[in-house]
Amino acid sequence: MSFSLFPEGDRALATRLKRQLMGLLSYLMFLAPLAYSVQEGWLRIGYPGLSVLLVAALAINACFFVVIRSGISRRYADPSLMPLQIGIACLFALVIGYYVVAQAMVVVLMLFFTSFFFGTFSFSTRQYLAMTAAAALAYAIMLLFKYDATQRDSVTFHLELLHFIILVVVLLWMSLLGGYIAGLRASLAKKKDALAAALGRLKELASRDELTGLHNRRHLMEVLEQQQERSRRYSEPFALCILDLDRFKYINDTHGHNVGDEVLCEFSERIRSQLRRMDVIGRAEVESTFGRYGGEEFLMLLPYAAGPGACSCVERLLAAIHQNPFATSAGPLTITFSAGVAQYRKDETIVALINRADEALYRAKTAGRDRVECAD
């Protein structure tokens with residue numbers, strides 16, 4: 001069993017992990033200016049201290065990666081743990097700022113700005129402002145520890161205050177901009193969901209018969225191909241039935257097409273209702289196995305049905321249709337149907353299967369209608 005850093009089946013997790021590695025890359029990018037600051041004497045911890053910070057940054061990022069990759073972080077509201085990651089990055093910046101002389105504080109400011117940039121992936125304006133307030137407070141406390149009362153009148157301290165003002169202003173600006181981007185992101189997500197729902201409805205409408213609400217011929221052919229593949233792979237038997245209403249033209253000519261439509265709708269609902277009670281359909285979705293093939297013809301897929309069982313199933317449907325006349329605007333009408341049933345043969349094409357069922361239907365019609373004929 002192979003292991004990959006970025007799981008292919010979970011796009012959201014893969015995205016969080018890539019952002020995590022981007023954060024690690026940000027830490028590594030600051031090595032160059034920090035090393036230069038050490039070389040110039042602007043960072044008092046020297047190369048040993050810089051090495052400790054680097055190891056700590058790598059270890060912390062590795063821990064975050066493992067927690068996110070393992071799925072443990074899913075239990076939290078933000079699975080990317082972005083507030084905690086930004087907080088730790090700001091803590092690193094404060095530690096460096098405490099040991100850096102004023103000339104190189106720009107590096108510390110850039111650490112703050114870079115870490116806050118990652119908040120645009122998940123922060124709202126309120127979260128951004130809260131993080132800004134926390135960062136400003138922590139920076140102010142750092143300055144109080146770094147400069148005692150005797151040093152606060154110096155030019156260096158006033159330069160530090162300028163850095164502090166710049167930090168607060170830029171973080172406030174990032175909060176407003178980040179909140180605006182978050183709003184756009186939420187709006188786009190809603191529109192994407194609405195579009196997906198609309199496409200789903202269009203797909204459903206495209207596969208439905210407008211009059212009866214049953215699936216249409218196009219959908220039935222797709223289901224047949226899927227069942228054929230399952231039969232080839234798992235040797236599952238299935239049968240196909242074509243049902244045709246008897247003397248439907250006479251109903252249209254005598255009572256009008258509106259009554260004919262009423263008969264089609266009532267017939268559809270009765271067959272669908274009966275199929276839900278039959279064991280042979282019990283393990284399949286009725287809505288996908290029965291539909292209008294065209295005109296007064298209907299097509300029915302019988303999964304798991306083999307041999308005489310398929311014909312017996314259709315004969316029970318025929319008996320159920322006989323039980324009660326159809327209530328129409330022209331009064332009660334007695335409706336019958338003829339049906340042809342064909343058992344799927346190994347490696348048979350869908351066209352051949354339909355042709356055999358159609359031939360059986362023709363025999364049922366010529367034999368007097370109101371009957372079921374089996375191709376086999």
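The values are calculated or read from the model by the stated rules, or taken from the named source; none is laboratory data. As the structure is a computational prediction, the values presented were derived from the model and not from experiment. Note that we place each Cβ from the backbone using ideal geometry, even for glycine, and neighbour counts take in every protein chain shown. When the accessible area is computed, the model is the full protein with side chains, heavy atoms only, and any ligands, DNA or RNA have been set aside. Shrake-Rupley method; radii C 1.70, N 1.55, O 1.52, S 1.80 Å.
With a Förster radius of 51 Å applied to the C-beta separation of Leu84 and Lys203, the computed FRET efficiency comes to 0.75.
Scalar couplings 3J(HN,Hα) for region 61-73, obtained by applying the Karplus form with A = 6.51, B = -1.76, C = 1.60 to θ = phi - 60°, are 5, 5, 5, 4, 4, 5, 5, 6, 5, 6, x, 4, 5 Hz; x denotes Gly and Pro.
Under 5 Å between amide hydrogens, built in the peptide plane, is the criterion, and for Asp246 it picks out Thr336, Phe337, Ser338 among residues at least 5 positions away or on other chains. Separation of region 330-362 and region 120-187, taken as the distance between their Cα centroids, equals 76 angstrom. Here the relative contact order of region 191-332, from alpha carbon pairs under 8 Å that lie six or more residues apart, stands at 32 percent. For region 124-175, rounded, prolate or oblate, judged on the Cα gyration tensor with a ≥ b ≥ c (square roots of eigenvalues), a/c < 1.5 rounded, else prolate if a/b > b/c? Oblate. Adding -39500 (n - 2.57) for every DSSP H run of four residues or longer, then dividing by how many residues the chain holds, sets the calculated 222 nm ellipticity at -21500 deg cm²/dmol.
With all protein chains kept in place, the per residue accessible area of the chain amounts to 54 square angstrom at a probe of 1.4 angstrom.
Rounded, prolate or oblate: which fits region 40-132 when a ≥ b ≥ c are the square roots of the eigenvalues of the alpha-carbon gyration tensor, with rounded for a/c under 1.5 and prolate only if a/b beats b/c?
Oblate, since a/c reaches 1.5 and b/c is not below a/b.
Is the C-alpha gyration tensor of region 222-376 telling us rounded, prolate or oblate? Criteria: a/c under 1.5 is rounded; beyond that, a/b larger than b/c is prolate, otherwise oblate.
Taking the square roots of the gyration eigenvalues as a ≥ b ≥ c, region 222-376 is prolate.
Taken one residue at a time, the phi angles of region 156-168 give Karplus couplings (6.51, -1.76, 1.60, θ = phi - 60°) of 4, 5, 5, 5, 5, 5, 5, 4, 4, 5, 4, 4, 4 Hz. Gly and Pro are set to x.
In the chain, the C-alpha radius of gyration followed by the widest Cα-Cα span (Dmax) gives 36.4, 114 angstrom. Each residue of region 241-255 was assigned a 3J(HN,Hα) from its phi angle through the Karplus expression (A = 6.51, B = -1.76, C = 1.60, θ = phi - 60°), giving 10, 10, 10, 9, 5, 6, 6, 5, 4, 5, 4, 5, 5, 7, 10 Hz with x at Gly and Pro.
If you take every DSSP beta bridge whose two residues both sit in region 266-376, what share of them, in percent to the nearest 5, is antiparallel? The answer is about 70 percent antiparallel.
Note: relative contact order over the chain, using C-alpha pairs below 8 Å and six or more positions apart, is 12 percent.
Rounded to a whole number, what % of the accessible area of the chain do carbon and sulfur atoms account for, probe 1.4 Å? Could the numbers behind the result be given before it?
Numbers: 12560 of 20470 Å².
Carbon and sulfur atoms account for 61 percent of the accessible area of the chain.
Rank Gln226, Thr156, Leu243 by how far each Cα sits towards the positive end of the charge dipole of region 149-262 (+1 on Lys, Arg Cβ; -1 on Asp, Glu Cβ) and give me just the farthest. Selected residue: Thr156.
For the pair region 58-79 and region 237-256, the centres of their Cα atoms are 62 angstrom apart.
Dipole check for the chain: with +1 at the C-beta of Lys and Arg, -1 at the C-beta of Asp and Glu, and the Cα centre as origin, the magnitude is about 940 Debye.
Simple rule: put +1 on each Lys or Arg Cβ and -1 on each Asp or Glu Cβ in the chain, find the dipole, and look at Met300, Val372, Pro48; the Cα lying farthest toward the positive end is Pro48. When +1 charges are put on Lys and Arg Cβ atoms and -1 charges on Asp and Glu Cβ atoms, the dipole computed for region 36-189 relative to its Cα centre reaches about 540 debye.
Along the chain, the longest continuous region that contains none of the chymotrypsin sites (Phe, Trp or Tyr not before Pro) in a DSSP loop with at most 13 other C-beta atoms within 10 Å is 77-376.
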